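The values are calculated or read from the model by the stated rules, or taken from the named source; none is laboratory data. All values reported here derive from a predicted model rather than from experimental measurement. Neighbour counts run over all protein chains shown; Cβ positions are idealised from the backbone, glycine included.
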Amino acid sequence: MIRFIHLSDVHLGAVPDRGCPWSHEREEEIWETFRRVIVGIRKNPVDLLFIAGDLFHRQPLLRELREVDDLFASIPDTRVFLMAGDHDYIKEDSFYRNFVWSRNVTFFDREQQSCVEIADKQIFVYGLSYEHPEIRTPLYDEWKPQNKPGFHVLLAHGGEVGYCPMDFTRLAAAGFDYIALGHSHKPHTVCRDKIVYAGALEPQDRNDVGKHGYIAGEFDGETVKLKLRPFALRSYQNLVLAVDQNTTQYALEDMLRKEVMKRGGRNIYRLIIKGKLSPDNVLLPERLHGLGNIVEIMDESRPAYQLESLYRQYRGTLIGDYIKTFLKRDLTVVEKKALYYGLQALLTTKVLTSDRKRI
């Protein structure tokens, strides 16, 4: 039985949500989560560790390479296979080029096909590294494993235009036992138990919703079995708050506090406000930022105007003509905002004008 861990897109050195109060915590948490993976391997050793590109968010510093190598050296019974991706590609003056790794580490140091054989265990690992920030040629599509018994693994990064495009149908039929992919931050399967994106170890931005961690796998000589191990310290989540005509600012803030408490105060939220409010009720969504790690607020709520009724009431006036331009149309989000904001402004102006006339 061969046991392995497949991870990718660690992005050491990244500062997610730069400018937000928690951004520097996130920078250190990315390092901490990577260290926790290594500590876990030290306690429960695996045979192989695959890192499918973008271990670093940018060109690694020499001290960072030394720290990472010290971590790898602490798990000497695990063979580590590492490649550079599009973020940490090997520049001409990169510290990657002359760095001497520990004996248990294999770094694919060129942008050309290479195969490393562990003869005593009949393990074959194929890979390359990016030497440019973009690769437009499908470098992997022609690869095939050697005609030898054993465990054949392809380490690959990309899969889209500009980043080493791949024909997954051809790769699935090529004969590899497992293809460990990197580049996409969302963990997902291309071909069951054969071609898998591990996803980012820690989510990197507000679009990286869902579970994040690494792939734990086993090869029994014939088949591969995989499982996603959630391991991130935090997650990005979409949090929807539903409002109605009775919702006040206090009620909205109370709803948010309770949801954050229920879901977890460490998580980072994209807040989406939906529903219809009383036309005379004004909410202040910007005040919600201080009630949790709110990275974005999308206010999709609308005043509860009865458009047909208002149109009949104001037919033949500027307000009626304005409403008529929007009726019986499938409105975009922007058009809906224009309708309601404009209508609110017109109705407020009418009230003020009427009040002056009475004075």
Residues in the range 288-327 that are surrounded by 12 or more Cβ atoms within 10 Å (Cβ to Cβ), of a type outside the set (A, V, I, L, M, F, W, C) and assigned to a helix (DSSP H, G or I): how many? 7
Could you check Lys194 against (1) buried (at least 21 other Cβ atoms within 10 Å of the Cβ); (2) in contact with an Asp or Glu (Cβ under 9 Å, 6 or more places away or on another chain) and say which number it fails? (1)
Can you find, within the range 184-204, the residue that is nearest to Val125 (Cα to Cα) among those that are touching a residue at least 24 places away in the same chain (Cβ under 8 Å), part of a loop (DSSP other than H, G, I, E, B) and more than 10 Å from the chain's Cα centre (by Cα)? Lys194
The residue that is nearest to the chain's Cα centre (by Cα), considering only those in the range 76-93 that are free of Cβ contacts under 8 Å to residues at least 60 places away in the same chain and surrounded by fewer than 22 Cβ atoms within 10 Å (Cβ to Cβ), is Ile90
Across the range 158-175, the tally of residues that are surrounded by 22 or more Cβ atoms within 10 Å (Cβ to Cβ) and in contact with a Leu (Cβ under 7 Å, 6 or more places away or on another chain) stands at 1
Out of (1) in a strand (DSSP E or B); (2) loosely packed, with under 13 Cβ neighbours inside 10 Å; (3) not acidic (Asp, Glu), the odd one out for Leu271 is which? (2)
How about the range 182-214: which of its residues are of a type in the set (A, V, I, L, M) and touching a Ser or Thr at 6+ places or on another chain (Cβ under 9 Å)? Ile195, Val196, Ala198, Ala200, Leu201, Val209
Go through (1) touching a strand residue (DSSP E or B) at 6+ places or on another chain (Cβ under 6 Å); (2) part of a loop (DSSP other than H, G, I, E, B) one by one and return the number of the condition Glu92 breaks. (1)
Could you count how many residues in the range 1-20 are surrounded by fewer than 17 Cβ atoms within 10 Å (Cβ to Cβ) and either free of Cβ contacts under 8 Å to residues at least 12 places away in the same chain or part of a strand (DSSP E or B) (or both)? 3
Give the residues of the range 115-167 that are assigned to a strand (DSSP E or B) and over 15 Å from Phe81 (Cα atoms), sorted by residue number. Ile135, Glu160, Tyr163
What's the total number of residues in the range 91-126 that are farther than 15 Å from Glu64 by Cβ, in contact with an Asp or Glu (Cβ under 8 Å, 6 or more places away or on another chain) and either aromatic (Phe, Trp, Tyr) or not assigned by TED's automatic domain parsing to the domain that holds Arg79 (or both)? 1
Six or more apart or on different chains, Cβ under 8 Å: which pairs go from a residue in the range 105-134 that's at pLDDT below 95 to one that's β-branched (Val, Ile, Thr)? Could you list them? Lys121/Ile2
Flagged in the range 32-60 as touching a residue at least 12 places away in the same chain (Cβ under 8 Å), closer than 18 Å to Leu233 by Cα and surrounded by fewer than 17 Cβ atoms within 10 Å (Cβ to Cβ), in numbering order, are Glu32, Arg35, Arg36
Scope the range 94-110; condition buried (at least 18 other Cβ atoms within 10 Å of the Cβ) and of a type outside the set (Ser, Thr, Tyr); matching residues: Val105, Phe107, Phe108, Asp109
